[in-house]
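Have a look at the structure below before the remarks.
The values are calculated or read from the model by the stated rules, or taken from the named source; none is laboratory data. Because the structure is a prediction, the values reported are computed rather than measured. Note that each Cβ is placed from the backbone with ideal geometry, even for glycine, and that neighbours are counted across all protein chains shown. Side chains included, ligands, DNA and RNA excluded: accessible areas come from the protein's heavy atoms. Shrake-Rupley method; radii C 1.70, N 1.55, O 1.52, S 1.80 Å.
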Amino acid sequence: ASYANIYEASKALGIPPTYILPVINKKRTTAGKFRWFVKDYVPSKEDFIPGRKRKPEKIFNTTLWKKLGQPLVNKSNPPACINLSLNDLPGERWKPIPELEGYFAISSKGRVKRLNTWTENRNKTFWEEHITSLSVLKSNSNYLYAQLSCNGRKYCLPITRLLYYCFVEEFDLKDKNLVIVNNSIPQWDIDISNLTLKPFSEILKERNKEYSNKVRTVLNSKKS
């Protein structure tokens, strides 16, 4: 929208002129959830990315490394899931995360990136691009997932399911009967070529057969 001056804008939207002026002068980011510019100025994409002093880039995810049992890794060039560098890894490709397009992306290496975005919270907030820290289940340190927050909603997304969906084959992400089997070694260092999609019923049948074979082996050994 356009207004003759900040007083007219203030009257129309109920935003004090003293809030609007600092935004025009680029001393504040927003006023009333809006960006403001003088009328003859044509905004560019860069005008919607606030200039901030970046902290020194953190590369090594110490917290996740400890949860994984402190494996022996190169801390200056860590495995993908522990690597927080914004620089792309060799051969790394990125795709938008389903239902969170424009906010988050996942890479073929299993890393999750928050994109430069404005959130639609009560106070409009800008989030700078960064690699998000992954988490693991307390009961299974090999099970990696991403805890994401977007526009007031929280998401808990398994990394193997997202990887298979985005880089191997699309499937119904909400179908709990479809399970991703991860044969990567170690499992936290995920390779998409080692992921397989199977119905849970098939996995259960395989486990029962394996258990049955073990029991038969034990019985045979006792007889001998």
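Using amide H atoms built in the peptide plane, which far-off residues or other-chain residues are under 5 Å from residue 110 H to H?
none
Calculate what fraction, in whole %, of the accessible area of the stretch 21-125 sits on carbon and sulfur atoms when a 1.4 Å probe is rolled over the protein chains. Intermediate values should be presented prior to the final figure.
Details: 3530 of 6770 Å².
Of all accessible area on the stretch 21-125, carbon and sulfur atoms account for 52 percent.
Given the stretch 75-147, report the % of alpha carbon pairs whose separation exceeds 19 Å.
On the way: 1064 of 2628 pairs.
Tail of P(r) above 19 Å: 40 percent of Cα pairs.
Would you work out the relative contact order for the chain, in percent, from Cα pairs under 8 angstrom that are 6 or more residues apart?
Working: 280 pairs, mean separation 24.4, N = 224.
Relative contact order comes out at 11 percent.
Starting from 0 in steps of 5 Å, tell me what percent of the Cα-Cα pairs of the stretch 1-45 lands in each bin.
5, 24, 37, 24, 9, 1
Which of 70, 147, 187 moves most in a GNM of the chain, Cα contacts under 10 Å?
Per the Cα network of the chain with a 10 Å cutoff, 70 tops the list.
Can you give the convex hull volume of the alpha carbon atoms of the chain per residue, in Å³? Write down the numbers at each step before the final one.
Details: hull volume 39.6 nm³, N = 224.
Here the figure is 177 Å³ per residue.
Would you look at the GNM of the chain, springs on alpha carbons closer than 10 Å, and say which of 63, 18, 117 moves the most?
Most flexible of the set in this elastic network: 18.
Between residue 57 and residue 201, with labels modelled 7 Å along Cα→Cβ, what's the label distance in nm to one decimal, could you check?
Taking the simple label geometry, residue 57 and residue 201 are separated by 4.9 nm.
Placing unit charges on C-beta atoms (Lys and Arg positive, Asp and Glu negative, everything else neutral), compute the dipole magnitude of the chain about its Cα centre in debye, rounded to 20. Can you show the working numbers first?
Details: 38 positive and 21 negative charges, 197 e Å.
That gives the chain a dipole magnitude of about 940 debye.
Tell me, what HN-Hα J-couplings in whole Hz come from the Karplus equation 6.51 cos²θ - 1.76 cosθ + 1.60 at θ = phi - 60° for each residue of the stretch 128-133, using x for Gly and Pro?
Residue by residue, the stretch 128-133 yields 6, 4, 7, 7, 7, 6 Hz.
For residue 178, what charge total do you get from the other residues with a beta carbon under 13 Å from its beta carbon, if Lys and Arg give +1 and Asp and Glu give -1? Present the calculation step by step, with values, prior to reporting the outcome.
Numbers: positive: 161, 174, 176, 198; negative: 169, 170, 172, 175, 202.
Taking every Cβ under 13 Å from that of residue 178, the sum is -1.
Distance check, please: which entries in 45/113; 66/176; 45/174; 58/174 exceed 27 angstrom between their Cα atoms?
66/176; 45/174; 58/174
Heavy-atom accessible area per residue, the chain, 1.4 Å probe: how many Å²?
On the way: 14870 Å² over 224 residues.
Each residue of the chain exposes 66 Å² on average to a 1.4 Å probe.
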